[in-house]
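Below you'll find the structure, written out as structure tokens, and then a few comments.
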Amino acid sequence: MFLIFAVFLGVGVSVRYAFLSPHERSDSGQGPEILLIPLMPLYGALCHCYWHGQTLGKRALGISVRHVNGGPISLGQALSRAYLRSALFVAAYVPWILDSLWPLWQSDNRALHDLAASTVVIRNTGGD
């Protein structure tokens, strides 16, 4: 996640320098890179749907996101899961922290965004 965030940040800075004058760049207001924020969850959603339920980080850790029945997740599930997680982060961090800690007391270790999207994160056993 941090690597992807760094890529998006790099793209945002590049966009700022490509499209704004030096005077506009020095202002403390938001630049065109603010348009990238809604696109960040797309990375996870598309990877979860089309790359065996894994992002680069999940692949490195040997885990993946699956439907609660064990099958692959749909694009709708992937998008709702990713954008709900992002919305919780934007909502003053507290709901995001609660979502991150939720698996600690949930019997099947699912976060709030997993419960809402009917998904589960599983440890891969070597298949895909």
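The values are calculated or read from the model by the stated rules, or taken from the named source; none is laboratory data. Nothing here was measured: the structure is a model prediction, and the numbers come from that model. Positions of Cβ are backbone-derived with ideal geometry, glycine not excepted, and every protein chain shown enters the neighbour counts.
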- Inspect region 50-65 for any residue being of a type in the set (A, V, I, L, M, F, W, C) and in contact with a Phe, Trp or Tyr (Cβ under 8 Å, 6 or more places away or on another chain) and give the result as yes or no. no
- Message: Here are the criteria: (1) in contact with a His (Cβ under 9 Å, 6 or more places away or on another chain); (2) assigned to a loop (DSSP other than H, G, I, E, B). Tell me which single one Ala82 does not satisfy.
- Response: (2)
- When you go through (1) without any contact (Cβ under 8 Å) to a residue 40 or more places away in the chain; (2) out of contact with any strand residue (DSSP E or B) (no Cβ under 7 Å at 6 or more places or on another chain) one by one for Arg85, which number turns out not to apply? (1)
- What's the number of the condition Leu61 fails, among (1) modelled with pLDDT of 90 or more; (2) surrounded by 15 or more Cβ atoms within 10 Å (Cβ to Cβ)? (2)
- Query: Pick from Ser80, Ser74: which is of a type in the set (S, T, N, Q), at negative phi and crowded, with 16+ Cβ neighbours inside 10 Å?
  - Reply: Ser80
